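Engineer: My questions all concern the structure below.
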Amino acid sequence: MDSKLYFTVTLVVLAWVSVATTQAQTTTASTNTMATANTTASTNTMATANTTASTSVTAAPNTTASTSVTAAPPLTPNNTVTPLETNLNNSECGNKTLCVSEPANCDPGSGSCSFFSARQKSGQNFEFALAGETDGYIAAVISSDTTLGGNDNDTTYVCFNNNGSVKFTGAILNNTQLTKQNVSANNVRGRVNGTTIQCVFDATLPALPARTTSRTIGVITGTYNNSAGTFGAANTVIRTDGVDLSSPTIVQNLATTNTTAAPNTTASTSVTAAPPLTPNNTVTPLETNLNNSGCGTQNLCVNEPANCDPGSGSCNFFSARQKSGQNFGFALAGETDGYIAAVLSSDTTLGGSDTTYVCFNNNGNVEFTGASLNNNQLTKQNVNANNVRGRVNGRKIQCVFDATLPALSARTTSRTIGVITGTYDNSAGTFGAANIVIRTNAVDLSSPNATVQNLATTNTTTNNAVLFRQTLIQALFISAGVMGLAVL
């Protein structure tokens, strides 16, 4: 064969192999990504000689790509308890298991220690461990919201001392009362030594609501009546923020922040006794730029990018400082074509008719209103807020205000923070759909040094640079091939 013709044919073959490779890569369904509706997966992959093109990774049209973390079937219930041969320990906490304990970082294998750990096995199937001292039972409560024992009847896993032997049952917690019910749990192992109970079990957790990945963990103890087979009222020894159980970390126990009343006295309620603020939407000038100097010491702060200064450069910023009870001072800053708003949610989702505080640009002036966020739409409503100050410079808005937050449910101290932006129609006086720029874990706004993470920035993006580089190589191959043919 003529050498020029051979060279040309080789280049063309390499070009088409490169095209085929890229097509095959782009048809792979990304984990946790929804397949685009009404799009047919490409099947133009060229099979080489004596091979069959694989189509097992192609998502069917109008379907959601399956993910391994939700595909595991629920466990078959089995309450049988076998011996736990060795003491529990905390050696894998923060590495392979999510853990929370009281006292903090205590080892359940030695001394007095209330302990909970979780390790994801597959999908919603987890391995749990419990340890603590009790006169009857110790139980793990897994709640889909920020309260324990509310009207949602939280799923509970109970290990109890029945005449010196560990027994296991599922239950629901409503207020402080346990009612037995079947749960998808098995492989239970336990041991008891005096008032110390340890147990390990596998369980399938109930599905979470849409847009929710976090659960509140509780560990409760109480008495058990052997003759009647009933549980006494629950005593909460561990309660957490909303956390993702599949993420190995060490979690803070919030149940130790409650104050104890002195004998024969009434516990002070100074943090909740302040009257609500009188609403006043009037905005006065904010004389100086906001800054982050008090963050972590006087103010709870969250910003995007992390640790940015709202007084310089591009920065989405939120801060809160408790003034008295449910009265707080808030600050907001960001770039927007219309409005920036703070959303304070009593659960772990944003948009379920959540109270919202909106600062918006009305023809070059900052104005303020309360609102309710439902899904991603704002509806104006009155809120107990006043002392509003603001400034606008092009697309940058900064505002400061005081507000009385709505009361939380019993035994709850945390809220989810959101910062949203959107357009504002000056003529109609309406707000465009909300764009979430900051969304946090549930946090206690009164705690300046609380750990706050912006969860709105965790979404992954397609690596377009790789695709561009591959496409460029293909073009070079094809161009060289065409030039070779022209020479011939």
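The values are calculated or read from the model by the stated rules, or taken from the named source; none is laboratory data. All of these numbers come straight from a predicted model, not from anything done at the bench. Backbone-built Cβ (ideal geometry, glycine too); neighbour counts: all protein chains shown. These accessible areas exclude ligands, DNA and RNA; they are computed on the full protein's heavy atoms, side chains included. Shrake-Rupley method; radii C 1.70, N 1.55, O 1.52, S 1.80 Å.
Engineer: So which pairs qualify, if the first residue must be in region 442-454 and at negative phi, the second must be of a type in the set (A, V, I, L, M, F, W, C) and in a loop (DSSP other than H, G, I, E, B), the Cβ gap must be under 8 Å, and the two must be at least 6 apart or on different chains?
Structural biologist: Final answer for the pair search is Val443/Ala450; Val443/Val452; Asp444/Leu254; Asp444/Ala450; Leu445/Leu405; Ser446/Val271; Asn454/Ala306.
Engineer: Considering only region 215-228, how many residues are open to solvent by less than 20 Å² (accessible area, probe 1.4 Å) and either β-branched (Val, Ile, Thr) or assigned to a loop (DSSP other than H, G, I, E, B) (or both)?
Structural biologist: So the count comes out to 5.
Engineer: If you check Thr196 against the conditions, is it more than 21 Å from Thr412 (Cα to Cα), open to solvent by 10 Å² or more (accessible area, probe 1.4 Å) and in contact with a Gly (Cβ under 8 Å, 6 or more places away or on another chain)?
Structural biologist: Considered against the rule, which asks whether it is more than 21 Å from Thr412 (Cα to Cα), open to solvent by 10 Å² or more (accessible area, probe 1.4 Å) and in contact with a Gly (Cβ under 8 Å, 6 or more places away or on another chain), Thr196 comes out as yes.
Engineer: Of the numbered conditions (1) part of a loop (DSSP other than H, G, I, E, B); (2) in contact with a strand residue (DSSP E or B) (Cβ under 6 Å, 6 or more places away or on another chain), Ala331 satisfies every one except a single condition; which is it?
Structural biologist: (1)
Engineer: If a residue must be open to solvent by less than 20 Å² (accessible area, probe 1.4 Å) and modelled with pLDDT of 95 or more, how many such residues does region 102-121 contain?
Structural biologist: The qualifying residues number 4.
Engineer: Now, a different point. Consider only pairs whose beta carbons are under 8 Å apart and that are at least six residues apart or on different chains; among these, list those whose first residue lies in region 158-176 and is without any contact (Cβ under 8 Å) to a residue 60 or more places away in the chain and whose second residue is crowded, with 22+ Cβ neighbours inside 10 Å and part of a loop (DSSP other than H, G, I, E, B).
Structural biologist: Note: pairs meeting the criteria are Asn174/Gly149; Asn175/Gly149; Thr176/Gly149; Thr176/Ala234.
Engineer: If you take the residues in region 435-447 that are out of contact with any helix residue (DSSP H, G or I) (no Cβ under 7 Å at 6 or more places or on another chain) and open to solvent by 20 Å² or more (accessible area, probe 1.4 Å), which one is nearest to Glu335 (Cα to Cα)?
Structural biologist: Of everything passing the filter in region 435-447, Asn435 is nearest to Glu335 (Cα to Cα).
For every residue, the table says whether it meets (1) open to solvent by 10 Å² or more (accessible area, probe 1.4 Å); (2) of a type outside the set (A, V, I, L, M); (3) farther than 17 Å from Gly232 by Cβ; (4) under 27 Å from the mean Cα position of the chain (by Cα).
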site	(1), (2), (3), (4)
Asn125	yes, yes, yes, yes
Ala131	no, no, yes, yes
Asp135	yes, yes, no, no
Ala139	no, no, no, yes
Thr147	yes, yes, yes, yes
Asn153	yes, yes, yes, yes
Thr156	no, yes, no, yes
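Engineer: Further question on the same structure: Are any residues in region 199-208 touching an Asp or Glu at 6+ places or on another chain (Cβ under 9 Å) and either surrounded by 23 or more Cβ atoms within 10 Å (Cβ to Cβ) or under 26 Å from Leu350 (Cα atoms) (or both), and if so, which ones?
Structural biologist: Phe201, Ala203, listed by residue number.
Engineer: Same structure again: Output the residue which, of all residues in region 132-157 that are of a type outside the set (Ser, Thr, Tyr) and part of a strand (DSSP E or B), is modelled with the lowest pLDDT.
Structural biologist: Asp154
Engineer: Output the residue which, of all residues in region 359-388 that are β-branched (Val, Ile, Thr) and touching a Gly at 6+ places or on another chain (Cβ under 7 Å), is farthest from Asp425 (Cα to Cα).
Structural biologist: Val383
Engineer: Those residues that are modelled with pLDDT of 90 or more, over 21 Å from Thr421 (Cα atoms) and polar (S, T, N, Q), I need them from region 283-321; list them, please.
Structural biologist: Hits for region 283-321 are Thr284, Asn299.
Engineer: So is Gly364 touching a strand residue (DSSP E or B) at 6+ places or on another chain (Cβ under 8 Å) and either over 28 Å from Ser447 (Cβ atoms) or crowded, with 17+ Cβ neighbours inside 10 Å (or both) or not?
Structural biologist: yes
Engineer: Next question, about the same structure. Got a number for residues in region 381-418 being surrounded by 21 or more Cβ atoms within 10 Å (Cβ to Cβ), more than 24 Å from Pro275 (Cβ to Cβ) and of a type in the set (S, T, N, Q)?
Structural biologist: 2
Engineer: Which condition breaks for Ala129 when tested against (1) at pLDDT below 95; (2) small (Gly, Ala, Ser); (3) part of a strand (DSSP E or B)?
Structural biologist: (1)
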